[in-house]
Amino acid sequence: MVKTVAGDRKARGLRFAIVLACFNEAWGERLLAGALESLRRHGAAETDLLVVRVPGSFELPLVAQRLAATGRYDAVIALGVIIRGETIHDRLVAAEAARGLGEASRTTGVPITFGVIAARTKAQVRERCGGKVGNRGAEAALAALEMARLFAVLEGGQTRRRR
């Protein structure tokens, strides 16, 4: 029989940093509310949660990497909203945010989840900030939780953080 290893959804004892891009702030606040509610529902203590606000999604990777490198967090959750405009600026920002967050996670070895919405319309954003499609903030928080627990299992039951 093949052994399977997976992370569970028990947040108690884990520390999370959430990095929120403030551009398109009203939508970002909905992502943040979804992420916080999800972590709390799964047992995260208020004292184990940190929210850091950055100007926009382009700034997410640097701050997420800095937080992950401290060793104080079991996972980092990146949240932001990018809406297509008349130029290609939105695509450049979205691509750099995705690339940078992936690189930061691989470089630090700390799970950094991607809760950034890159949409063509405000209607698409609405559906992903608690509408019919769900809440990408809540989904990113659950992914962070599962990855943090998985890493603890892979590392012999120890969480990554240092105090």
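Below is a table of values for the structure above.
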item: Per-region count, the stretch 14-27, residues under 12 Å from the mean Cα position of the chain (by Cα) and within 23 Å of Ala123 (Cα to Cα); result: 2
item: Subset of the stretch 112-145 [loosely packed, with under 15 Cβ neighbours inside 10 Å and either closer than 25 Å to Thr70 by Cβ or in contact (Cβ under 8 Å) with a residue 24 or more places away in the chain (or both)]; result: Arg120, Thr121, Lys122
item: Of all residues in the stretch 61-81 being of a type in the set (Gly, Ala, Ser) and outside any helix (DSSP H, G or I), the one that is farthest from the chain's Cα centre (by Cα); result: Gly71
item: Among (1) surrounded by fewer than 24 Cβ atoms within 10 Å (Cβ to Cβ); (2) in contact with a Gly (Cβ under 9 Å, 6 or more places away or on another chain) - the single one Ser57 does not satisfy; result: (1)
item: Check on Ala148, in contact (Cβ under 8 Å) with a residue 24 or more places away in the chain, in contact with a strand residue (DSSP E or B) (Cβ under 9 Å, 6 or more places away or on another chain) and farther than 21 Å from Pro55 by Cβ; result: yes
item: Which listed residue is over 20 Å from Ala17 (Cα atoms) and part of a helix (DSSP H, G or I), from Ala123, Ala118, Ala143; result: Ala123
item: Those residues of the stretch 41-60 which are part of a helix (DSSP H, G or I) and touching a residue at least 24 places away in the same chain (Cβ under 8 Å), in sequence order; result: Asp48, Ser57, Phe58, Glu59, Leu60
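Read-outs throughout are calculated quantities, based only on the coordinates presented, and are distinct from any laboratory measurement. All values derive from a computational prediction rather than experimental measurement. Positions of Cβ are generated from backbone atoms using ideal geometry, with glycine treated the same way; all protein chains shown enter the neighbour counts.
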